[in-house]
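*Asks:* Dropping the structure in here first, questions after.
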Amino acid sequence: MPPKCPYCNEELEYTGLRRNSQNEGDYYYETWEGYCPKCNKRFYWDEVYIFSCCDNLEEVKELE
């Protein structure tokens, strides 16, 4: 979910990923670029994801 504009409280629209991900331990960051559709201001923001677990571990079996 994108942040809201600090000027008019409208939800920002994504225009693209500005910087690829960064991994810092249990945290994963992505820097996004976007704009406010109401007041047309541009913004950058970081979205932070917290690692919770590994799931669906499966052994890769070689084809015979």
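For every residue, the table says whether it meets (1) free of Cβ contacts under 8 Å to residues at least 12 places away in the same chain; (2) hydrophobic (A, V, I, L, M, F, W, C).
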| residue | (1), (2) |
| --- | --- |
| Thr15 | no, no |
| Ser21 | yes, no |
| Tyr28 | no, no |
| Lys38 | no, no |
| Tyr49 | no, no |
| Leu57 | yes, yes |
| Leu63 | yes, yes |
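*Asks:* Only one of (1) in contact with a Lys or Arg (Cβ under 6 Å, 6 or more places away or on another chain); (2) touching a residue at least 24 places away in the same chain (Cβ under 8 Å); (3) charged (D, E, K, R) is not met by Glu33, so which one is it?
*Replies:* It fails just one condition, (2).
*Asks:* Please count how many residues of segment 10-22 are at pLDDT below 90 and either exposed (fewer than 10 other Cβ atoms within 10 Å of the Cβ) or in a loop (DSSP other than H, G, I, E, B) (or both).
*Replies:* The qualifying residues number 1.
Per-residue answers, yes or no, for (1) part of a strand (DSSP E or B); (2) surrounded by 10 or more Cβ atoms within 10 Å (Cβ to Cβ); (3) modelled with pLDDT of 90 or more:
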{"site": "Cys8", "(1), (2), (3)": "no, yes, yes"}
{"site": "Glu33", "(1), (2), (3)": "yes, yes, yes"}
{"site": "Pro37", "(1), (2), (3)": "no, yes, yes"}
{"site": "Glu47", "(1), (2), (3)": "yes, yes, yes"}
{"site": "Glu58", "(1), (2), (3)": "no, no, yes"}
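The values are calculated or read from the model by the stated rules, or taken from the named source; none is laboratory data. Just so it is clear, the structure is predicted and the values come from calculations on it, not from any experiment. All Cβ positions, glycine included, derive from the backbone under ideal geometry; neighbour counts span all protein chains shown.
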